[in-house]
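First up is the structure itself, then whatever we jot down about it.
The values are calculated or read from the model by the stated rules, or taken from the named source; none is laboratory data. Predicted model only: the values in this text are computed from it and were never measured. Note that each Cβ is placed from the backbone with ideal geometry, even for glycine, and that neighbours are counted across all protein chains shown.
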Amino acid sequence: MKVPIKGGIDCDLHPAQPSMTALLPYLDEYWRDQVVDRHITRYSFNLTSYPPNSPLSARPDWQHDASSDLDAIRRQALDAFGSRYAICSVLHGAVALFNEDMSMALCSAVNDWVAKELLDREPRLRASILVPVHNPERAAAEIRRVAADRRFVQVLLFAMGDAPLGRRIYWPIYEAASQLGLAIGIHAGSTYRHAPMSSGWPAHRVQDYVAQSAAFEMQLLSFLAEGVFQQFKSLRVVLMEAGFAWLPHLLWRNAKAWRGMRAEVPWIDRSPAEIIREHVRVTLQPVDTPKGDAATLAKTLEHIGSDRMLLFSTDYPHWQYDGTDALPDGLPEAIVKRILIDNPLETYPRLREGAQISDNASNSKEAVR
């Protein structure tokens, strides 16, 4: 169904990836020379998880390039859905580079490009910070550098990588995020340093895409077992483009197993399901319950056991639905506003700041009139 009220917050929007030539002004002299002299400008740095020619990567009516991207975002994503804010996440292949220095330079350039070319030009946009997760100390330094700009509201990681994200080697990232009021956004995708399926490399794109939900389950289990949420009590983790129909099974199975093995993880001091409901959020699209089956959708939400976990998203420009029917049919009216507005504001502290400033400005204008 269509979004019934204006002012929603789109928590997963993907601008067209900037070309390497577009990033040159945001690189220092050394890396500009490297990129030009080694003809790196010829490479697209598209993640294999989102091949440009795949129908799923962009709807036919939403296809465009970076040169016209902002006008398209305004018209097709912001205006069409009446969104108050939209959080941009650039899925750039710099995160997959083995050269840590180049990865860091390109991630920084992407972050600066986003600030200058998108955030400065469209006040409704917010953004995710791209970091080289394989070097957590440098990732944390980049988070602290970029986070000085309050329009960046979360840190962007990917569901498949070198190791489970709960491992303590990655904790500098979560420490920086929690100190600065940033969420951790984990998006579907892989760095392809290892096979994306536990049994090896898939033969078809569809296998990779379906396997993403299993990767999200693994990451949640890692965050729980390693004690991330006990260490960083204010941290919120947003699973992006993950679906949500698999959550009830994970909540039940994890709670059941924990009861018999909790001596191994004494820091988990209550049911894992309670911890997940408190700390974890999931973007709405793609909706992975049967289309038009309101009863199954309602039962899935009931089994999740919380009306605070789902966040509105269009997943623009990925092809998850047609037209502007971004909300699933049969979504209970009582939670529509919560999904569209309340849950995102509760999840992202920096969005609350912007909303408060905007509301105060509107009230001041009304008082003058």
- Tally of residues being buried (at least 18 other Cβ atoms within 10 Å of the Cβ) and at pLDDT below 95 across the stretch 338-358: 2
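Does SER19 qualify as being surrounded by 15 or more Cβ atoms within 10 Å (Cβ to Cβ), polar (S, T, N, Q), over 25 Å from MET160 (Cβ atoms) and more than 17 Å from the chain's Cα centre (by Cα)?
Answer is yes for this residue.
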- Tell me which residues, restricted to the stretch 249-262, are surrounded by 13 or more Cβ atoms within 10 Å (Cβ to Cβ) and under 21 Å from TYR209 (Cβ atoms). LEU250
- Go through the residues of the stretch 234-245 one by one and say whether even a single one is more than 17 Å from SER306 (Cα to Cα) and not hydrophobic (A, V, I, L, M, F, W, C). yes
- Note on the structure: Only one of PRO132, PRO52 is of a type outside the set (A, V, I, L, M), without any contact (Cβ under 8 Å) to a residue 12 or more places away in the chain and either closer than 24 Å to PRO164 by Cα or surrounded by fewer than 18 Cβ atoms within 10 Å (Cβ to Cβ) (or both), namely PRO52
- Query: Has the stretch 184-195 got any residue that is over 15 Å from the mean Cα position of the chain (by Cα), at pLDDT 95 or above and more than 18 Å from TYR50 (Cα to Cα)?
  - Reply: no
- When the stretch 109-136 is checked residue by residue, the ones that are of a type in the set (S, T, N, Q), out of contact with any Ser or Thr (no Cβ under 6 Å at 6 or more places or on another chain) and closer than 13 Å to ALA147 by Cβ are ASN111
- Message: Return the residues of the stretch 324-337 that are surrounded by fewer than 18 Cβ atoms within 10 Å (Cβ to Cβ) and touching a residue at least 12 places away in the same chain (Cβ under 8 Å); say none if nothing qualifies.
- Response: THR324, ASP325, ASP329, GLY330, PRO332, ALA334, ILE335, VAL336, LYS337
- Message: Against the conditions (1) more than 30 Å from THR324 (Cβ to Cβ); (2) acidic (Asp, Glu); (3) without any contact (Cβ under 8 Å) to a residue 60 or more places away in the chain, where does ASP112 fall short? Just the number, please.
- Response: (3)
- Query: Tally time: how many residues in the stretch 160-177 are under 16 Å from the mean Cα position of the chain (by Cα) and either surrounded by fewer than 17 Cβ atoms within 10 Å (Cβ to Cβ) or at pLDDT 95 or above (or both)?
  - Reply: 4
- Query: Could you say which residue among ALA86, ALA109, ALA72 is touching a His at 6+ places or on another chain (Cβ under 6 Å) and either assigned to a helix (DSSP H, G or I) or under 29 Å from LEU180 (Cα atoms) (or both)?
  - Reply: ALA72
- Item | ARG32 being out of contact with any Phe, Trp or Tyr (no Cβ under 7 Å at 6 or more places or on another chain) and either at pLDDT below 95 or within 27 Å of VAL206 (Cβ to Cβ) (or both) | no
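Listed here are the residues, each with its yes/no results for (1) in contact with a strand residue (DSSP E or B) (Cβ under 8 Å, 6 or more places away or on another chain); (2) closer than 14 Å to HIS318 by Cα; (3) basic (Lys, Arg); (4) buried (at least 20 other Cβ atoms within 10 Å of the Cβ).
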residue	(1), (2), (3), (4)
VAL35	no, no, no, yes
PHE45	yes, no, no, no
PHE81	yes, no, no, yes
TYR85	yes, no, no, yes
- Task: May I ask you to list the residues in the stretch 291-300 that are closer than 12 Å to PRO328 by Cα and either aromatic (Phe, Trp, Tyr) or within 24 Å of the chain's Cα centre (by Cα) (or both)?
- Result: LYS291, LEU297
- Message: I need every pair where a residue in the stretch 286-308 that is within 24 Å of TRP319 (Cα to Cα) has its Cβ under 9 Å from the Cβ of a residue that is small (Gly, Ala, Ser) and assigned to a helix (DSSP H, G or I), sequence separation at least 6 or different chains.
- Response: ASP288/SER213
- Message: Just to be sure I understand, how many residues within the stretch 21-61 are touching a Gly at 6+ places or on another chain (Cβ under 9 Å), polar (S, T, N, Q) and under 21 Å from ASN111 (Cβ atoms)?
- Response: 3
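Name the single residue that is modelled with the lowest pLDDT among those in the stretch 198-217 being among the aliphatic types (A, V, I, L, M) and crowded, with 16+ Cβ neighbours inside 10 Å.
Top of the filtered list is ALA211.
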- Message: Cβ-Cβ under 9 Å, sequence separation 6+ or interchain: first residue in the stretch 151-174 and farther than 30 Å from GLU117 by Cα, partner polar (S, T, N, Q) and modelled with pLDDT under 95. Which pairs?
- Response: ASP162/THR191
- In the set LEU224, LEU235, LEU220, LEU250, the lone residue that is touching a strand residue (DSSP E or B) at 6+ places or on another chain (Cβ under 9 Å), at pLDDT 90 or above, not in a loop (DSSP other than H, G, I, E, B) and not polar (S, T, N, Q) is LEU220
- Could you tell me whether any residue of the stretch 284-296 is touching a strand residue (DSSP E or B) at 6+ places or on another chain (Cβ under 6 Å) and buried (at least 18 other Cβ atoms within 10 Å of the Cβ)? yes
